[in-house]
Every structure is written in structure tokens, then in C-alpha cells.
1. Just counting partner chain Cβ atoms within 10 Å, what average do the residues of peptide A:188-200 show around their Cβ?
2. What net charge is computed for the residues neighbouring B:Y8, neighbours being all others with C-beta under 12 Å from the C-beta of B:Y8, Lys and Arg scored +1, Asp and Glu -1?
3. Using the heavy atoms of the protein chains alone and a 1.4 angstrom probe, what is the accessible area of the stretch A:197-263 per residue in square angstrom?
4. What number comes out for the charge environment of B:L85, summing +1 per Lys or Arg and -1 per Asp or Glu over other residues with Cβ under 11 Å away?
5. Rounded to whole Å and sorted largest first, list the principal axis extents of the Cα atoms in the protein assembly as shown.
6. Taking only pairs that are 8 or more places apart or on different chains, how many Lys pairs in the stretch A:116-262 have Cα atoms under 26 angstrom apart?
7. Where does the stretch B:169-324 land on Rg(C-alpha)/(2.2 N^0.38 Å)?
8. Could you grab the relative contact order for the stretch A:116-262? Cα pairs under 8 Å, six or more apart, rounded to a whole percent.
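The values are calculated or read from the model by the stated rules, or taken from the named source; none is laboratory data. No experiment lies behind these values; they were computed from the predicted model shown. Neighbour counts run over all protein chains shown; Cβ positions are idealised from the backbone, glycine included. Accessible surface areas use protein heavy atoms only, side chains included; no ligands, DNA or RNA. Shrake-Rupley method; radii C 1.70, N 1.55, O 1.52, S 1.80 Å.
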Amino acid sequence: MFTKFQKSFQTGVVTSSYPYEKEPAPFRFRGRIEIDNERCKQCNICVDVCPTGAYTWIEQDGKRYLQLSHAKCVFCGICEEMCSYKAIAITNSFELAATHKEDLLTKAGFDTKESVEALGKKLNEKIFSVFKRSLHVREVDAGSCNGCEWEFVALYNSPVHDLQRFGIDVVASPRHADCLLVTGPPTRNLETALIKTYHATPEPKMVIALGACAGSGGIFSNCYATKNGIDNVIPVDIYIPGCPPRPQAIIYGFLLALDRVRK
Amino acid sequence: MGTSRQDYLDTLTSRFYGTVTITKSFLENEIYISTSKEKLIDICSYINSTFQASLSAMICNDERSLNKYFKIYYVFSLPEEDTFLIVNIPVSEQEPVFPSITPKIPAAHWYEREIKDMFGLEPVGHPDPYTLVLHGNFPDNTYPLRKDFDVQTRLPHLESKLPFKRVEGEGVFEIPVGPIHAGIIEPGHFRFSAVGDSILYLDAKLFYTHKGTEKIFETMPYTKALFLAERICGVCAASHATGYCQAIEKVAGVGIPPRAKFIRTILLELERLYNHIGDIGNICAGAAFHLGSAHGFRIREYLQLLNETITGNRYLRGMITIGGVRFDINNDLKKYIVTLLTDIKKDFKELTDIMFASSSLMDRLETTGRLPAETARGLGVVGVAARASGIGRDARVNHPYAAYREVDFDVPVFYNDGDVYARVRVRVDEVYQSIYIIEQCFDKMSEGSIKTSVKELPPYRQALSYVESPRGENIYWIMTAPDNRLFRYKVRSPSFCNWPAIPYTIPGNIVPDFPLINKSFELCYSCTDL
Ligand code: SF4
Ligand code: SF4
């Protein structure tokens, strides 16, 4: 018994302070992608090399622009590597979640006047006003590669992220849930289960699409066995891009989610 | 002294004179043996029993556009010799049947059912020829891996009622679980037939996460397909990336720089580390030993942050590339890694000491979910589960790749009770071995380039690739197509081999032990369902 206490005391508090304080991702982390349309020579190489078809050309005011969908991107970084004109920059910003797929085009993230730190302070407050102190989440794997699951487990189970400190908890049944967190393209074999789970969740409810697969089908899109994103099956309130999104990016998604529910 | 490669071949040709054609591949350790349907069972059982060669994979390939036939390849791995014997037979479209070898070699069980679903070829004499991959919602006669099936086909969604096997009798009741689980885990559907708390029978329905991965491979240029390979499984990304890159490098005939080999080895061992430590945390959670799970998850977090620092991704994605690796590990990073691993070694030792001194935990782990060695061997079980049943199978030793020839390490096969405890012990030992391997890599690697370029792929070349992932041996088989594309890329994950073993370990245990047993195998659904 003594050794158990000793181990815990020696370890001390390990919980991360995000979002109350900034916690930058490591230098090599691949997050939000910025396009410099001035530098772009329209050589098309990024369109050619992107494994998920995240780049498209759009016409606006008679000019041609490169457009990127963060919902499709798997953050492989090959576009930045191949662009000879340095028109593509992969930043290490991971706060990418958005309420509309269109917001994930070109410039991801939502334009907030408030800083993330301020948002973080308001989180507990928000949960209180909407769901009376707690938000109950049911995670639904609709055919993920297990990467997104592991990130959510890291967020929920690991003392480093400790999701419960925000009053967010995972429940065993969709009948007890306020929120479904869905991963996967979804697959054909899970479509029915996903729809049934959605209908079993009481109102008011919200749905978060976690990861590139849930957002757009990701690298598994356009295939007989998958659909191109869960919004083809059930309505989605929040998209969290990433492949997989790191735990802090998921926390950021929850912040945004709560903002939306309040309306 | 063991028998040499040539001796095996000579024995085979004299024994089956006139009925086999042996072709050496451009790769030394792959020998293709063509035969006919009639001789198949004899040859396979001969190789399996006389040579003690285990069935490593079965691959079907639609080669009708090339030679009018479907081909089925049976990959056997010779013991104590880095050689694969690949028996193959043609199957015609007019007569879409092939003899089942399952009655002789039970390890073929799932492969044959998979081939039936994906190619529409019938294994004659299979004891249990039910559908495996395609659930009842797929229309009849849908064979996704045939070449005349388009990847984007939109199929109608049918209502399905596939029966489950159950035990009937007084007091027997059925507990259905999944596919949407109470925990945060991947989807599968299980039916327990139980009396009180004791399980009599378990039937599992899997392949919920079937994403058509192998079909998507056939539609991508080989450079893009790397990113798909990394996403076959979230938590074995480095293994799948290495397996894919090795396959491409083999068919293209390029070697990679020594430094890249060492860096790949470091990444592969980092993958084993975060998986094994995370799994130990998970097993503690399954046994309601929360102190263990909290510390396990904490250490796993440190390792994943390290992964992100090295590769830019917490799952080691985006670093391993065709021809080598994308980023180098400089001296500062090296120092950081070595220091962190030294700390983790101490931290982890303290954790496991506490675990093994806890009688409440040990009570749950010991004698639970036993997998006897014969069952494991018969079913072709691999990885940690095989080693915990006393079978010393490890691709790093049997078929060395990356820098594994140059480092020294032990494979623990002395915990051979085959219970949950043995599987935990094997992981604990492997954690230290992994750290030891990484340290050696840093000592041995010299400066130099980290990438060679690969340009054109020769069409219609075949090669095998293999990697020991944290879960066990992964086997890949590639055949290239013109225009730098893939004709076929077969992925055989360790979980595909180990799943059929689970139902054998369950009966006699109580229902609450099922999650624990399942976690001790740590099977992955995504790379099984593909
Ligand atoms: S980083 Fe994203 S946009 Fe760029 S190539 Fe990769 S998937 Fe496409
Ligand atoms: S988004 Fe990426 S990590 Fe998440 S399930 Fe899809 S492939 Fe896996």
C-alpha cells in the first residue's frame, strides 16, 4: 500500500494546463495549412500529390485560386514538401474545429474575437448554463482506423489530459448522452448502427465529427464500403479536423461545441 | 546444422516430380511453386507437416486480364531459415472453386472465407464456409476485389439477418454485446451463451470496419498509397508504413541508406513501446486496477508526445517514406530521446513492481484466458500471444528487416502459460528490449543520407514484405501494375491470425473476464477488417 502512495506522490500532478494556458504543439507537428495565393504559380503539383484530394481550384472575380479543405486533409505534409514556390505553409496550430464545413476551406478555424485562453475560462460556465454542469458524451466508432479512438481515450483516461476536469464525461449508452462523438468514414457495415445510435440519443443532442474520416471520408472516401463523411448519414454540429486530431484539438472542439449549443 | 534452402527444394521436386514447377523470384528468399488444384492439398500438408513450415498468409489475385485465371498463393515460412515457399494454383472463372486446406491446416480457416467473399471463389470442403467480410447488407454476387468491380460502385443496402450460433438448454441465456460498445473501443459484435456468470460459448461477428482498403490501394499511384498504408491501423502506423515501403523498395530493386534503416528501427521500437505500455495500462483498467491504468496511460502520453516531437504526429505518421525516412534525428533530439527513455525505464519498473505485488490484480491475471500452445500453433497465432504460449515466432528474428540484423535483443518465450499474466509479462520484458534496441541503434548509426530516390516501378513484379508490429507479424504481398500503380496489395495483419483464437480462450471463464482477455490479446479491428 505504501509503495502505491509513494509512487503517486512522487509523480505529482501531471495534468496539462491547456486551454487555460497556451501549450504549443511540437515544432514538427503539422496543423493548419496556409496558402499564399500571391506566391502560387498554379503549377498544380499540390493537387496532384495530395492523397485525399483536399485541393481544388476555384474561380473568384475572374481569378483562379487554390482552395484547401481541412476536412479532407490528413496532414501528411507532402504538399508543402513538393511546392517549389513556398506557397504552402504548414503551421503548427491545431485549433482547427469548425461548425460548418465551409469554415474549413482555405482558412480553417473559426474567427473568434476572444482568445482561446478566455474561451477556456468560460468552459465550465458554459457547461453549467447549457447542460447543468456536465456534458455526457457517447463515442461511436463508425469504422475508424483506431487512431481517433486512441486519441479520445488519451483525452479521457490519461491523467495528462483528464477530460473530466471540464465536467465532460463518457457514458456507456447513447440514451444517457447529450453528445455523440463519431469517428470513421463511416463504413457501410456500421451505417445502420450509427443511425440507430443517433435516434436513441435524446434531444437536445449534438454530433461531433472527429477526424478526417468522419469529416469527409478522409483517405477512405469514394469507395464501395464507405460514405464520404458522417454528415451523409446523420446531421453534424462540429467538425474537428486532424488525422487523428491531438487531444488538445479535441478539447478545442468541445469549446466550440458548447458555444453552438447555447444558441 | 539445419537443412538448407536447396535441400528443401530438392526434397520437394523429387517427392512431387512432374506436378510442381519451381520458379525462383528475383528475390532470393521467395520461392514460387506452381501446381494444380489436384495436388494442392498434398503439397501444402507436406510442407506444413514435414518441413514444419507455418502458413503465413493466403493471397488471392484476379489475374484474368493477364493469364485468364485467378491465382491463389499459399505462403509458408520455413523455420530457422529466412525463406518463404509460395505455393500457387490457378482457378478459372468457369470453375470458381478450389480445394479447402482448412481440414489439414486450420490456420487457413479465415483466409479461405475471405477469398470466398472478396473474389467469389468457393473453398470446397471448408468446415464452416460462412461469409466473413461482407455483412448481409451487401447484395449477392458482389465480389469487391475482382477487377471488373469498380471501387466507386454504389450498392443497395439490404436488410440482413445472419444467424448466430448458440448453445441451448435449461438456464442458458444469451448476452449480446456491441457493435456500439460501452467503452471507447472498436466495433465488433459478440454473443455469449452463458449459465450464470460462466461462459459456455462465444460467437463473434467482426468486419464492421471494412473500408475497402485493399481495393483503394489498387486505385492509387504508389506514392500516394503510402499514406493509405499508414492509415490501415491507427496504432501500428509505423509498422504498416515500413511494410509498404519495403515492398515498394523490393520491387523497384533499391536499397535504403544504413542511417535510414536505423531510424526506421528506432521508430518501430517506439511504436512497440507506446503500444505495450498503453496495453498494460488497458489490461489494468480491464482488471479494475486503476492505479496501474493511470500510470500506464501517463507514461504512454510521454511517449506519444515524444513521437510527435520526432515525426510531427503522435502515431509516428508522416516520417517513414519510400526510400528511407523524411526527417533526421539530430544530436539534440537523440539526447532528448535517450534521457526520456532512461527515465521511463525507471518509472515503468516501479509501476510493474507495484502491479505484480498486488494480489488482487494477480488474482485476475493468472490462469485467465488460457491459450494452449497446440491451439496457438494450429491456428497460426502470432506475436505477443504466440510468445506467451511458448512459441518463439518473431519476424525480427525469423526474417530480419530494417536494422534488426545489426542489433542484439532477446525474444521472451519463457512465460508459456498462455494466460493473461503471461501476455502481460511478455510485454513487460519487450519494453526493456525495445529500449535496449533503440540505445544500440543510436550507438551504431553513422552520419549519412537518410533517403534514396525511387522513380519508376517495373510492372507485374511480385514481392513479400514483413514487419513485426507490436501485435505480431504483418505480412504484405505486392504486385505492381503499369504506370506506377499497384495491381494488388495484400495486407495480412497479426490480428487476422489471432482473432480466431479468442473463442477458444473464453469458455470456462466468467463474463467480466472477457474484456480483460480481449485486452490482453489487444486485437485490432481496423487492420483485420481492412
Ligand atoms: S497535408 Fe493535407 S492537403 Fe497537403 S497533401 Fe497532405 S492531405 Fe493533402
Ligand atoms: S481520421 Fe485518420 S486517425 Fe482518424 S480514423 Fe480516419 S484515418 Fe484514422
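1. 4
2. Neighbourhood net charge equals -2.
3. Details: 1730 Å² over 67 residues.
With all protein chains present, the stretch A:197-263 gives 26 Å² per residue.
4. Details: positive: B:R5; negative: B:E30, B:E81.
That sum, taken over residues with Cβ under 11 Å, equals -1.
5. 81, 69, 59
6. Here the count comes out as 9.
7. That works out to 1.34 for the stretch B:169-324.
8. 25 percent
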